[in-house]
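In what follows, a single structure is set out as structure tokens and then discussed.
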Amino acid sequence: MNTTQPQDLRVSTTFRRATFWTVVLSLAATVLIAGSFTACHRAAPSGSTGNGANDRPWFEDVTARSNVDFEHTSGHDGHYWFPEISTGGVGLLDYDGDGYLDLYFVQGGSLGPSGTAAPGNKLYRNRGDWTFEDVTEIAGVGDTGYGMGCTAGDYDEDGDVDLYVTNVGPNVLYRNNGDGTFTDVTAQAGVGDDGWGSSCTFVDYDRDGYVDLFVANYINWSRGQELECYSRVGRRDYCSPKNYNASARDTMYRNLGDGTFEDATASSHLSQAFGNGFGIACADYNGDGHLDFYVANDGTANQLWMSDGSGRFTDEALISGCALNHYGWAEAGMGVAAVDVENDGDLDLFMSHLHEETNTFYLNRNGNFEDATSIMGLAAPSLGFTGFGLGFADFDHDGSVDLYVANGRVKFTEPQYDPDDPYAEPNLLFRGSETGQFQEVLPRGGTSTLLAGTSRAAAFGDLDNDGDIDIVVANKDGRPHLLRNIIDSPNNWIMFRVLNRRGGDAVGATVRIDVADRIQWRIVQRTYSYCASNDPRIHYGLGPAQQVDAVMVRWPGGREESFGSFAAGQIYELRERTTQ
């Protein structure tokens, strides 16, 4: 423990100058490159200037009338235990099969040696009218571990959605019994990783028909190795992960098909690299038909685990251009999402980062990545904030994906947005365009009243099945924000639930639609953002089009299957055929 010199003040004059000029150069690049980019492309849609003059609120915070009384607690007691600053997960899942997404909130607790009993996680059943019922006790999913994140998926292939929760300490697997209750089967299944888990995902990486489990781990931490750190102004504060020098390796559990898993970390070669894993984005990044894993690491190089098709992976982030930013620096990777903003059939990457770092956008160029943050218009707006949860969705149905980023500090800094919470920040909303550029929407965060919190997870999905995407934001040491999409748009929409041959969500499948003179691509995914589980259905905005002319699904493995035309304004099911 350091008692003579603040850990975060050990910064050389050279580094301070480098940081200053990096920010200056980044801002200059944003202005010059974005100006050039705009000159070479047609203007963004009307109203996307970001000056707030013509923008109306996109979302309404309906938490107060929703009956969701969850309040997160980190257990902060003045000791600044490191996990306190990053806790706060949320999941969307239809646990009872009624067609509506229910809410699962992951609680923190207390990390002190004699910590009080944690209040536990909570599950709320969606009544379909923006009110929710607390069913935690009945369902039996009120885990009291020090929670981080969660994911949903049908690991036992019985048609019901199961739930996995990551903790600082042993993780928990809940099996859905199909009658509104769950059973803790962690010990039986063999998935109780006792490290510091963060984001996690169910996905069939070896294509044997059973969903496996990938868990990102943050650092090897314990109370006994806690450090004493300070902010730049000499105030006691949370440490950086670099202070601990205790990077962890991620965990791969292979589903054996009998209700149990085996630890395949070594056999899959994931044990060959360490990092500070926070976010996961699973997709086929090089188009070879095999699902790969991208891990956003906090302060260490990101990892791109490329599959060779036999269950083994190699980290190719460095040679692919997505391990470090364009300055060659490792950034504070928090949340991450895979998205095809160019609609060219390959998947790009976007990550949220620390205050004074830009959030970073990597464009996929035939399996290699290019840091295109500035030309996308996403560099300068993010410099003053610390991003965590994030997601892309066509909120206004104009045919171009938009972006929402949940922010919340990890260090004391100015300005203060909430006198009662020095870590609180407003969230950011960006409107996308056909050019590929994004511009910030005002009012900031898309709500009529500025919402400031220490936001962590953000989960995305259609909570009322009205065809537009809503958001649930988990806030550390506070109430969540349930953001109902209220955009009054004349544009049309369509949604698909994409199922494999066994009837499970075809995670990793990509879906192309042809509508009017445009093509759009989406990926089936539950896990993106930060410590969140999202709506697995895929959603498209169609503009004025009344129908989709054609649909093509590229299933995991690379096989493509065509479907007919579909009328707009409905939710459809696409199921993989059992014959070639």
For the chain, the Rg and Dmax computed from alpha carbons only, in angstrom: 22.1, 70
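Compute the signed sum of charges (Lys and Arg +1, Asp and Glu -1) over the other residues within less than 11 Å, Cβ to Cβ, of G508. Show your work: numbers first, answer last.
Working: positive: R207, R526, R554; negative: D204, D284, D292, D505.
Charge balance in the 11 Å sphere: -1.
So what is the accessible area of the chain per residue, in Å², with the probe set to 1.4 Å?
Details: 21400 Å² over 580 residues.
With all protein chains present, the chain gives 37 Å² per residue.
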Spatial separation of Cα centroids for the range 237-308 and the range 543-580, in angstrom: 31 Å
Distance (nanometres) between label positions extended 7 Å along Cα→Cβ at D69 and S310: 5.8 nm
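Taking the DSSP beta bridges in the chain as the whole, what percent of them are antiparallel, to the nearest 5? Numbers along the way, then the final one.
Numbers: 112 of 120 bridges.
If we restrict to bridges inside the chain, about 95 percent are antiparallel.
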Longest to shortest principal axis, alpha-carbon extents of the range 253-327, angstrom: 47, 27, 18
Zone residues, the range 399-436, relative to R232, backbone N less than 19 Å from point 7 Å out along Cα-to-Cβ: 408-418, 422-426
Additional length obtainable on full extension of the chain from E137 to I571, 0.36 nm per residue less Cα span: 153.0 nm
Surface/4 of the Cα convex hull for the range 186-281, nm²: 7.6 nm²
For the range 517-528, 3J(HN,Hα) per residue [Karplus equation, 6.51 cos²θ - 1.76 cosθ + 1.60, θ = phi - 60°, Hz, x = Gly/Pro]: 10, 10, 10, 10, 10, 9, 10, 7, 7, 9, 9, 7
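For every helix of n ≥ 4 consecutive DSSP H residues, a contribution of -39,500 (n - 2.57) applies; sum these over the chain, divide by its total residues, and give [θ] at 222 nm rounded to the nearest 500 deg cm²/dmol. Kindly include the intermediate steps, with their values, before the conclusion.
On the way: 5 runs with 43 residues, N = 580.
-2000 deg cm²/dmol, from helical runs alone.
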Neighbour net charge for A452 - beta-carbon separation under 11 angstrom, K R +1, D E -1: -2
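Just the number, please: carbon plus sulfur as a percent of the accessible area of the chain, 1.4 Å probe, no ligands or DNA/RNA counted.
Details: 10230 of 21400 Å².
The nonpolar share, carbon plus sulfur, comes to 48 percent.
First check a/c for the range 467-580, with a ≥ b ≥ c the square roots of the eigenvalues of its C-alpha gyration tensor; if it is under 1.5, answer rounded, and if not, answer prolate when a/b is larger than b/c or oblate otherwise. Present the calculation step by step, with values, prior to reporting the outcome.
Working: a/c = 2.60, a/b = 1.30, b/c = 2.00.
In terms of gyration-tensor shape, oblate.
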Reachable lysines from K122, criterion Cα separation under 30 angstrom, eight or more residues apart if same chain: K411, K476
With DNA, RNA and ligands ignored, accessible area of K242 (1.4 Å probe; Å², nearest 10): 130 Å²
Sites E157 and D77 - FRET efficiency at Förster radius 60 Å, r taken between beta-carbons, to 0.05: 0.85
For the range 140-182 versus the range 313-366, the gap between their alpha-carbon centres in whole angstrom: 30 Å
In order through the range 420-434: 3J(HN,Hα) via Karplus (6.51 cos²θ - 1.76 cosθ + 1.60), integer Hz, x for Gly, Pro: 9, 9, x, 9, 6, 9, x, 8, 10, 10, 10, 8, x, 9, 5
D464, D158, ranked by accessible area, largest first (probe 1.4 Å): D158, D464
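Based only on Cα atoms, what mean projected area does the convex hull of the range 358-414 have, in nm²?
Working: hull surface 21.1 nm².
Computing the convex hull of the Cα atoms and averaging its projections yields 5.3 nm².
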In sequence order, calculated HN-Hα J values of the range 352-367 (Karplus, 6.51, -1.76, 1.60; Hz; x Gly/Pro): 9, 9, 6, 3, 6, 10, 6, 4, 10, 10, 10, 7, 7, 10, 6, x
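If the viscosity is 0.890 mPa s and the temperature 25 °C, what translational diffusion coefficient in µm²/s does Stokes-Einstein give for the range 130-222 when Rh comes from Kirkwood over Cα pairs?
Details: Rh = 13.9 Å.
In µm²/s, the coefficient is 177.
The values are calculated or read from the model by the stated rules, or taken from the named source; none is laboratory data. Here the structure is a predicted model, which is why all the values come from computation and not from measurement. Don't worry about glycine lacking a Cβ; one is built from the backbone with ideal geometry, like all the others, and counts go over all protein chains shown. We work out accessible area using only protein heavy atoms, side chains counted, and drop any ligands, DNA or RNA first. Shrake-Rupley method; radii C 1.70, N 1.55, O 1.52, S 1.80 Å.
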